[in-house]
1. Could you work out the relative contact order of segment 1-51? I mean the mean sequence separation of Cα pairs under 8 Å and 6+ apart, divided by the number of residues, in percent.
2. Please report the base-10 log of the normalised intensity I(q)/I(0) for the chain, using a Debye sum with one equal scatterer per alpha carbon and no solvent, at each q in 0.08, 0.18, 0.19 (1/Å).
3. To the nearest 0.05, how large is the calculated FRET efficiency for Glu86 and Thr25 if R₀ is 45 Å and r is the Cβ-Cβ distance?
4. Grab the DSSP H runs of the chain that are 4 residues or longer, score each as -39,500 (n - 2.57), total them, divide by all residues and round the 222 nm result to the nearest 500 deg cm²/dmol.
5. Please compute the Kirkwood hydrodynamic radius over segment 1-51, one decimal place, Å, based on all pairs of different Cα atoms.
6. Based on C-alpha coordinates, I'd like the Rg and Dmax of segment 105-173, in Å.
7. Quick one: Karplus J couplings for segment 34-49, per residue in order, coefficients 6.51, -1.76, 1.60, θ = phi - 60°, nearest Hz, x for Gly and Pro?
8. For the chain, calculate the relative contact order in percent as a whole number, restricting contacts to Cα pairs under 8 Å that are 6 or more residues apart.
Amino acid sequence: MSPRTADPKARRAQLTAAAAQVLATKGVRDTSVADIVKAAGVAQGTFYLYFANKDEIVLAVAESVAEQIVQALTERLSDPGQPAVERLRGLAEVLGGMTTDPALSDLTDFIHRPENQPLHDRLEDYLTPALFTWMEQLVRDGIAEGSFHVDDPTLAAWFVLSGLHGLELAGTTTAELPAALQAATTLALRTLGATR
């Protein structure tokens, strides 16, 4: 009997999915590589063919979540034919809508547990550049269409993102998030000098 082999991308995805399940149950601190390989149904040596250590797979889980968020934003909010004001409002709807999706809501709660701070930090490190690029383009589009009136689109993009991040720093609960995002969006539009 020959050993079973799996496509490397498929095996890595299998391990990452298993890690996400275990991390959701046990948290980053209490999850071991042994827990992950047991959930994936593979030998511990197989894990080390794809990841150097637990930190590496935690990062892979965070990146997978971040990719899903960026993809959702890109698909829904990157149409340059849609007015910039509406795209910014759409961001609040997408982020607020995550709280009504049970899987995403659970994931959000999971990421914000104190014991999962390393995962949160990695997710933020991955998401921030993508969100900034998207926000800066949105501000530039708004200026070009005459909807936004700011002198420095880069600074304005950072300011808006920082304001949204402030909701998290203020301890906004998942239940409060949709309304808080709407209020923050209204403030952001004022800051950008929105005309409509």
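1. Values: 24 pairs, mean separation 17.5, N = 51.
Worked out over segment 1-51, it gives 34 percent.
2. Scattering profile of the chain, log10 relative to I(0): -0.33, -1.16, -1.24.
3. Details: r = 39 Å, r/R0 = 0.87.
Approximately 0.70, to the nearest 0.05.
4. On the way: 9 runs with 146 residues, N = 196.
For the chain, the value works out to -25000 deg cm²/dmol.
5. Details: mean 1/r = 0.0891 Å⁻¹.
Value: 11.2 Å, from the Cα pair sum.
6. 14.7, 45
7. Listing the rounded values in order: 4, 4, 5, 5, 5, 5, 7, x, 10, 6, 4, x, 4, 3, 6, 6 Hz.
8. Working: 170 pairs, mean separation 44.0, N = 196.
Reported as a whole number, the value is 22 percent.
Every number here is computed from the coordinates shown, using simple stated rules; none is lab data. Because the structure is predicted, anything quoted here is derived from the model rather than measured. Don't worry about glycine lacking a Cβ; one is built from the backbone with ideal geometry, like all the others, and counts go over all protein chains shown.
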